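Visitor: Once you've had a glance at the structure underneath, I'll fire off some questions.
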Amino acid sequence: MANIAKRASSALEESQPVWEYADAPESTEIVKLEDRYGLFIGGELVEPKSGRWFETINPATEETLAEVAEAGPEDVDLAVRAARTASTKWRKLPGSERAKYLYRIARQIQERAREFAVLETMDGGKPIKESRDVDVPLAAAHFFYYAGWADKLEYAFPNRGPRPIGVAGQVIPWNFPLLMAAWKLAPALATGNTVVLKPAETTPLTALLLSQVIREAELPPGVVNIVTGAGPTGAALVEHDDIDKIAFTGSTEVGKVIRRTIAGTGKRLTLELGGKAANIAFEDAPLDQAVEGIINGIFFNQGHVCCAGSRLLVQEPVFEPLLEKLKDRLQTLRVGNPLDKNTDVGAINSRAQLEKIEELVASGVDEGGEMYQPECVLPERGFWFRPTLFTKVSQSHRIAREEIFGPVLSILTFRTPAEAVEKANNTPYGLSAGIWTEKGSRILWMAERMKAGVVWANTFNRFDPTSPFGGYKESGFGREGGLQGLEPYLDLDPNGSS
Ligand code: NDP
């Protein structure tokens, strides 16, 4: 990008040459957009009974991509009925037969990987190198992984007579639209459940492309249904009487509403909610590696990541050198067109999210934090926010307590490992944590004390379908991924005999 030179700090210019990057845009020709997308119910795209449609836009350009059906309660009811009808046969299919469909879906995602990646980037604003190298391959990997379990449930839960629960209602967010659909669908289908999935309002298109793949894989009609819409569509799904289980990923606020709504109904529930993870750098940490992990931890996907390392805790002796390295690295991040293969930080997903980030950042300045942003030129249209660091942050500041869900890092310091533990756990959340140190014994000592579902050591944001992921406290409960991710979709004999 031509403006990269403008961003380089003078300190950086003195120490190393500044490279110009030629534009490297990914073509959008591979994506064939429809003008309008209906609801995926009973194996077909159908017009909404509600008669309502909404627009989905590209957050990098504010251009309308397509109109999408808004499912009302009547549409949600049709989708749940379709799932219930399909359940009778699907739950009785041998696991090896169910696996065949999952393998087909996985292979189709791989074959159409570029199309999925470009569409994900257009609809959500994330850099193409992330949708291409992370979201889409991981989505395929989830289907492959759970296809492998479909005929081995008796081995996974010996003598516990694993049986499908029935119909699952699944509500997903906008930060990893296709990947979250895969996290939800693959274990549900492998265990013999049928599904009604509600994608987020701002990012429905890859789920709808997935509906094409599902049809081409000849999955029996009604096994997967996709109802698009906003919060009220999700609420209608959660409230529907004939749903057996709700799986939700999104904000803690909505997670609490859902928990209250279904209390006493007997519906099963898993919640994967917000986070405010501590990324902890000790004085013996390999600083250059740590810088890469810290940058990836907070600026990956514009910080729209529930497990983002949004609080950096630095041991005092290395605070100054680490801060300097972080500032230098920030200058080299390329912010802009998400379809450019060189882009590191793309567009903020929506105007509403941008406003939320701006409000929290303003509170950080008001409360006495010291803000640092690189000098980058932002595109004129679309929703953008500069990668941002805050120092002089205290634990009571809102930017140290609330989930910003944007490219904003709050930096605090500590002196002793015990203080690091206290500060890291001083949050209502408990989703993830990172530890940077050369000492193996310290990694184990710290990991034991972190109240977090995932603890990364000398790395961050590593995901794998075989690893369980989930939280404690206000980050929710239940695990997705791994063998543990099967359990929420199964009735298991508690006495251990089938
Ligand atoms: P929400 O929790 O509102 O959205 C998550 C999903 O739930 C979306 O599909 C949403 O629909 C749906 N939904 C909204 N209200 C209800 C309801 N009452 N019942 C059932 N489903 C509902 O998150 P937002 O998109 O509003 O983001 C707000 C904040 O939440 C962010 O700023 C961020 O801090 C946090 N967040 C955290 C995520 C995480 O993974 N931890 C993911 C997303 C957001 P729709 O999008 O169409 O409104």
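Visitor: Can you report the number of residues in the stretch 391-440 which are small (Gly, Ala, Ser) and more than 24 Å from Glu358 (Cα to Cα)?
Guide: 8
Visitor: Would you confirm whether or not the stretch 306-329 contains a residue that is more than 16 Å from Ile399 (Cα to Cα) and modelled with pLDDT under 95?
Guide: no
Visitor: Which numbered condition in (1) acidic (Asp, Glu); (2) within 23 Å of Val227 (Cα to Cα); (3) within 16 Å of the ligand (Cβ to nearest atom); (4) surrounded by fewer than 24 Cβ atoms within 10 Å (Cβ to Cβ) is the only one that Glu130 fails?
Guide: The single condition Glu130 does not satisfy is (2).
Visitor: So, in the stretch 353-376, of the ones that are part of a loop (DSSP other than H, G, I, E, B) and exposed (fewer than 14 other Cβ atoms within 10 Å of the Cβ), which residue ends up modelled with the lowest pLDDT?
Guide: The extreme case among them is Glu375.
Visitor: Also, I was wondering about something else. Check Ala207 against each of (1) more than 7 Å from the ligand (Cβ to nearest atom); (2) within 29 Å of Tyr103 (Cα to Cα); (3) surrounded by fewer than 24 Cβ atoms within 10 Å (Cβ to Cβ) and name the one condition it does not meet.
Guide: (3)
Visitor: Here's another thing I want to ask about it. If Val314 satisfies all but one of (1) closer than 29 Å to Ala188 by Cβ; (2) in a strand (DSSP E or B); (3) more than 8 Å from the ligand (Cβ to nearest atom), what's the number of the condition it fails?
Guide: For Val314, the failing item is (1).
Residue-wise test of (1) among the aromatic types (Phe, Trp, Tyr); (2) in a strand (DSSP E or B); (3) buried (at least 24 other Cβ atoms within 10 Å of the Cβ); (4) within 16 Å of the ligand (Cβ to nearest atom).
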{"residue": "Gly264", "(1), (2), (3), (4)": "no, no, no, no"}
{"residue": "Gly275", "(1), (2), (3), (4)": "no, no, yes, yes"}
{"residue": "Ile280", "(1), (2), (3), (4)": "no, yes, yes, no"}
{"residue": "Ile298", "(1), (2), (3), (4)": "no, no, yes, yes"}
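Visitor: Could you grab the pairs with beta carbons closer than 9 Å, sequence gap of 6+ or different chains, first residue in the stretch 45-62 and β-branched (Val, Ile, Thr), second one surrounded by 17 or more Cβ atoms within 10 Å (Cβ to Cβ) and part of a strand (DSSP E or B)?
Guide: Val46/Leu39; Val46/Phe40; Val46/Ala69; Thr56/Tyr37; Thr56/Leu65; Thr56/Ala66; Thr56/Val68; Ile57/Leu65
Visitor: Glu419 passes all but one of (1) outside any loop (DSSP other than H, G, I, E, B); (2) buried (at least 17 other Cβ atoms within 10 Å of the Cβ); which number fails?
Guide: Single failed check for Glu419: (2).
Visitor: Tell me which residues, restricted to the stretch 355-393, are within 16 Å of the ligand (Cβ to nearest atom) and either among the β-branched types (Val, Ile, Thr) or touching a residue at least 40 places away in the same chain (Cβ under 8 Å) (or both).
Guide: Lys356, Ile357, Leu360, Val361, Gly364, Phe383, Phe385, Thr388
Visitor: State whether one or more residues within the stretch 100-122 are within 16 Å of the ligand (Cβ to nearest atom), within 25 Å of the chain's Cα centre (by Cα) and in a strand (DSSP E or B).
Guide: No.
Visitor: Taking into account only those residues within the stretch 141-177 that are part of a helix (DSSP H, G or I) and under 15 Å from the mean Cα position of the chain (by Cα), which is farthest from Leu333 (Cα to Cα)?
Guide: Among those residues, the one meeting the criterion is His142.
Visitor: Still on this structure, I have one more. How many residues does the stretch 210-246 contain that are in contact with a helix residue (DSSP H, G or I) (Cβ under 7 Å, 6 or more places away or on another chain), within 27 Å of Glu115 (Cα to Cα), away from the ligand (no atom under 11 Å from the Cβ) and not in a strand (DSSP E or B)?
Guide: Counting residues in the stretch 210-246 that are in contact with a helix residue (DSSP H, G or I) (Cβ under 7 Å, 6 or more places away or on another chain), within 27 Å of Glu115 (Cα to Cα), away from the ligand (no atom under 11 Å from the Cβ) and not in a strand (DSSP E or B) gives 10.
Visitor: Follow-up. Yes or no: Gly303 within 15 Å of the ligand (Cβ to nearest atom), within 23 Å of Gly369 (Cβ to Cβ), touching a helix residue (DSSP H, G or I) at 6+ places or on another chain (Cβ under 6 Å) and not charged (D, E, K, R)?
Guide: It is false that Gly303 is within 15 Å of the ligand (Cβ to nearest atom), within 23 Å of Gly369 (Cβ to Cβ), touching a helix residue (DSSP H, G or I) at 6+ places or on another chain (Cβ under 6 Å) and not charged (D, E, K, R).
The values are calculated or read from the model by the stated rules, or taken from the named source; none is laboratory data. Computed from a predicted model, the values in this text were never measured in an experiment. Positions of Cβ are backbone-derived with ideal geometry, glycine not excepted, and every protein chain shown enters the neighbour counts.
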